Amino acid sequence: VGEQLVDAHQQQVLLAGGLGAVYFTTYAAHHYEPLRVVGSAALDGALLLAWAGFIVWLADRKKSETLALFALGLGYYTAVVTRVGTFTLCSNLVLTVATVFFLVRNRWAHLTLAGLVSSYGGFAFWRFFHDGHWLLRAPVEELTLSAMFLAGYWACFTAATFLAQDGLLTDKRRAAFLSANNGAFFALVTLSMSAARDWQLWQFCLGLGAVLLGLAAFARTRLPQEPSVRAAYLTQGLLLVTLGLITKFSGQKLAVLLAAESVVLLMLGCRQPSRLLRAGAFVSATLAAGWFVLGWEAGQPVALGLGITGLLLFNAWWMSRHEDPADNALLRARTTWLALLALVAGCATILQHVQPGHIAVWLMGTGLLLTVSVHVLRAREIALFAQGCLFLAHAFWLCAAGRWPSRPAWEPTVLLAGSLVVLHWWTRQSAVGE
């Protein structure tokens, strides 16, 4: 048996050597000047690709993955060296389809992995390597057509992600494969299309992000036993959607969109439940508060600030409803963070839109309103952090006493009365301690 295996291996080696000799003879018929008998680069490329196709057919007939790797490697090499119009792009697409076909038909996963690297690598060589130099912004015609070919590669390998049977690509390996496919596609499209004048990165990010989120939902049905696949698509989709929003919008408009995104993610993450969605909600909410405070510009309507504050308050209330009932801590970490973000946004809105002489009164009123809201919202973290508004009201009044001496005489009375009301309420309430 051992001698038979050795003989079979030697036969495959000799066969591969003979096929390779024919291939490189055909290559030399045009690319090597002393032996040039084929004057057309397109004709020579077609002959090379046809011979590689014959090797692919022979590999399928003999069920030899090694021979198929050899054949497709020659095919990709042909596509790279033959620079005639979009020959490289078309050839790569044909070879990509072939690798997916072999994955489904013969379960050749290594061939598909090699095809992933070769397809995107061949495109990068065709697009960015000119005259012996790598040029990231090298001018090239038909940018949209080249992006469409890239989309074709991505679609084929995405199909391979779901068509690969159990045992070929395990949970984490499948997630790594799809991540490499998505990453290569995004990077090459972005770098390639950056030379186009009408290129809009934010549209591409939002569109691809929406598609990846759809694939995450499909993976939940198609691959229910492989959570890493769903998590990879979900993470990358959310990242691209957020990147698209950040690229397109700025300042408080961006903050509103991020706050709205955080509400959607938190609601979905608490209902499923999904830690990944909840984590995305916390990141979006944090970014929303940060962009609102740091990106403020004069003349922005107060409705933007109120809207952001309301959305963040909703997050804190929603999170408090879905905390662990057994958690009796006074401050629960997740609700605490969301409540803190909401109060930061609320205080920033007051500081931005209220006249300086009345800021202390508005802070006091906000603190009182949020404190008593515990009886309705049942979110004790909001009520506790609302005490910070009372402290800020007194601090602002004291620090601004010399700067605005003509403030209303009733202001200190209102501040004192508000503080006494809170102290009286605090000694009799039982909602925070529940």
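As a length-normalised measure over Cα pairs under 8 Å and 6 or more apart, the relative contact order of the range 244-387 settles at 23 percent.
Here the gap between H353 and Q225, fully extended at 0.36 nm per residue and compared with their Cα-Cα distance, gives a gain of 40.9 nm. Phi-derived couplings, Karplus 6.51 cos²θ - 1.76 cosθ + 1.60 at θ = phi - 60°, listed residue by residue for the range 115-126: x, 4, 5, 5, 5, 6, x, x, 5, 4, 5, 5 Hz, with x used for Gly and Pro.
Hey, how many Å between the Cα centroid of the range 255-319 and the Cα centroid of the range 350-396? For the range 255-319 versus the range 350-396, the Cα centre distance is 19 Å. Accessible area of V264 (1.4 Å probe, protein heavy atoms only, ligands and nucleic acids ignored): about 80 Å². Between the beta carbons of T144 and A210, assuming R0 = 25 Å, the FRET efficiency works out to 0.80 to the nearest 0.05.
Using the Cβ-Cβ distance between L331 and V376 with R0 = 30 Å, the FRET efficiency computed as 1/(1 + (r/R0)^6) comes to roughly 0.95. The per residue volume of the convex hull around the alpha-carbon atoms of the range 144-186 is 48 Å³. Direction-averaged projected area, Cα convex hull, the range 187-322: 9.7 nm², rounded to one decimal. In this structure the range 143-268 gives 44 Å² per residue of accessible area when probed at 1.4 Å with all protein chains present.
In terms of its C-alpha gyration tensor, the range 279-383 comes out oblate, because a/c is 1.5 or above while a/b does not outweigh b/c. Rg and Dmax of the range 184-252, both derived from C-alpha coordinates alone, stand at 13.9, 44 Å. Across the range 279-288, computed HN-Hα scalar couplings (Karplus, 6.51 cos²θ - 1.76 cosθ + 1.60, θ = phi - 60°) run 4, x, 5, 5, 5, 5, 5, 5, 5, 4 Hz from first to last residue, x flagging Gly and Pro. Residue separation of R321 and T190 scaled by 0.36 nm, minus their Cα-Cα distance, works out to 43.0 nm of gained length.
Rounded to the nearest whole Hz, the Karplus-based 3J(HN,Hα) values (6.51 cos²θ - 1.76 cosθ + 1.60, θ = phi - 60°) of the range 252-261 follow the sequence 6, 5, 5, 4, 4, 5, 5, 5, 5, 4, with x at glycine and proline.
Between L306 and A155, the FRET efficiency from the beta-carbon distance, with R0 = 30 Å, is close to 0.10.
Rolling a 1.4 Å probe over the protein chains gives Y77 an accessible area of about 90 Å². Remark: accessible surface ordering of W199, W154 (largest first) is W199, W154, probe radius 1.4 Å.
The values are calculated or read from the model by the stated rules, or taken from the named source; none is laboratory data. What you see is a predicted model; the values in this text were computed from it and never measured. Positions of Cβ are generated from backbone atoms using ideal geometry, with glycine treated the same way; all protein chains shown enter the neighbour counts. Surface areas here come from the heavy atoms of the whole protein model, side chains and all, with no ligands, DNA or RNA. Shrake-Rupley method; radii C 1.70, N 1.55, O 1.52, S 1.80 Å.
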